[in-house]
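I have placed the structure first, in the form of structure tokens, so that the comments after it can refer back to it.
The values are calculated or read from the model by the stated rules, or taken from the named source; none is laboratory data. Everything numeric in this text was worked out from a predicted model, so none of it was measured. Because the Cβ atoms are built from the backbone with ideal geometry, glycine has one as well, and the counts that use them run over all protein chains shown. Ligands, DNA and RNA are stripped out before the accessible areas are found, and what is left, the full protein with its side chains, is counted by its heavy atoms. Shrake-Rupley method; radii C 1.70, N 1.55, O 1.52, S 1.80 Å.
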Amino acid sequence: MQRRAVLEIDGVATPVVSAGPEGESEAVVCLHGNPGYSADWFDLMARVAPFARIVAPDMPGFGDAAKLDGFDYSPAGYTRHLTALLAALGVERAHLICHDFGVAWGLGWAVANADKVASLTLVNVGVLPGYRWHWAARAWRTPMLGELLMATTTRAGFAMSLSATN
């Protein structure tokens, strides 16, 4: 059974879905990508919960998490947020599962906390030498245009735009 909570992390309301044994200091930590959120992990959570604690947050600006003007929306800002979030959850050792943008956040945390990393799984990684951002990522990274696109994009519209580029 999933549990939902909203934690206040440095002034940012951060929803977290968890399952499995409560209070364990070791947990599977699922980090979504863009434009995802915690629900991306619900099927996996149901499969892992019988034998391990598993948590999936909505990171700032995604899902039901706060979208604050003052938040540092850089990989370093997300890494600091993740560090504080895991401390608040009492996670001392993490099996990280990171997707898309979550890879940068999770790897940032892993580098700073190597002694706390139990395992690392990377899905749909875009961090490659010589990588050039795809058209949508370039747009998302453009001030104001990125915010406008994220605020107006629907799943159907996003799927249609991706299929139009193939």
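Cβ-Cβ contacts under 8 Å between residues 6 or more apart (or on different chains), taken from a first residue in segment 136-155 that is closer than 15 Å to Asp69 by Cα and of a type in the set (Ser, Thr, Tyr) to a second residue that is assigned to a helix (DSSP H, G or I) and open to solvent by 90 Å² or more (accessible area, probe 1.4 Å), are absent.
For every residue, the table says whether it meets (1) modelled with pLDDT of 85 or more; (2) farther than 27 Å from Ala52 by Cβ; (3) aliphatic (A, V, I, L, M); (4) in contact with a strand residue (DSSP E or B) (Cβ under 8 Å, 6 or more places away or on another chain).
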position	(1), (2), (3), (4)
Leu107	yes, no, yes, yes
Leu120	yes, no, yes, yes
Gly126	no, yes, no, no
Arg132	no, yes, no, no
Trp135	no, yes, no, no
Thr142	yes, yes, no, no
Leu148	yes, yes, yes, no
Thr154	no, yes, no, no
Thr165	no, yes, no, no
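Counting only residues that are open to solvent by less than 50 Å² (accessible area, probe 1.4 Å) and either assigned to a helix (DSSP H, G or I) or closer than 16 Å to Arg53 by Cα (or both), segment 109-118 holds 4 of them. Summed over segment 15-35, residues that are surrounded by fewer than 19 Cβ atoms within 10 Å (Cβ to Cβ) and touching a strand residue (DSSP E or B) at 6+ places or on another chain (Cβ under 7 Å) total 2. Looking only at segment 49-79, which residues are part of a helix (DSSP H, G or I) and in contact with a Phe, Trp or Tyr (Cβ under 9 Å, 6 or more places away or on another chain)? Result: Pro75, Gly77, Tyr78, Thr79. Note on segment 38-70: residues that are farther than 18 Å from Arg80 by Cα, surrounded by 19 or more Cβ atoms within 10 Å (Cβ to Cβ) and touching an Asp or Glu at 6+ places or on another chain (Cβ under 7 Å) amount to 2. The residue list Leu44, Leu31 contains one member that is closer than 26 Å to Ala137 by Cβ and in contact with a Cys (Cβ under 6 Å, 6 or more places away or on another chain), which is Leu31.
In summary, Thr154 fulfils each of the numbered conditions (1) open to solvent by less than 50 Å² (accessible area, probe 1.4 Å); (2) under 27 Å from Val29 (Cα atoms) with the single exception of condition (1).
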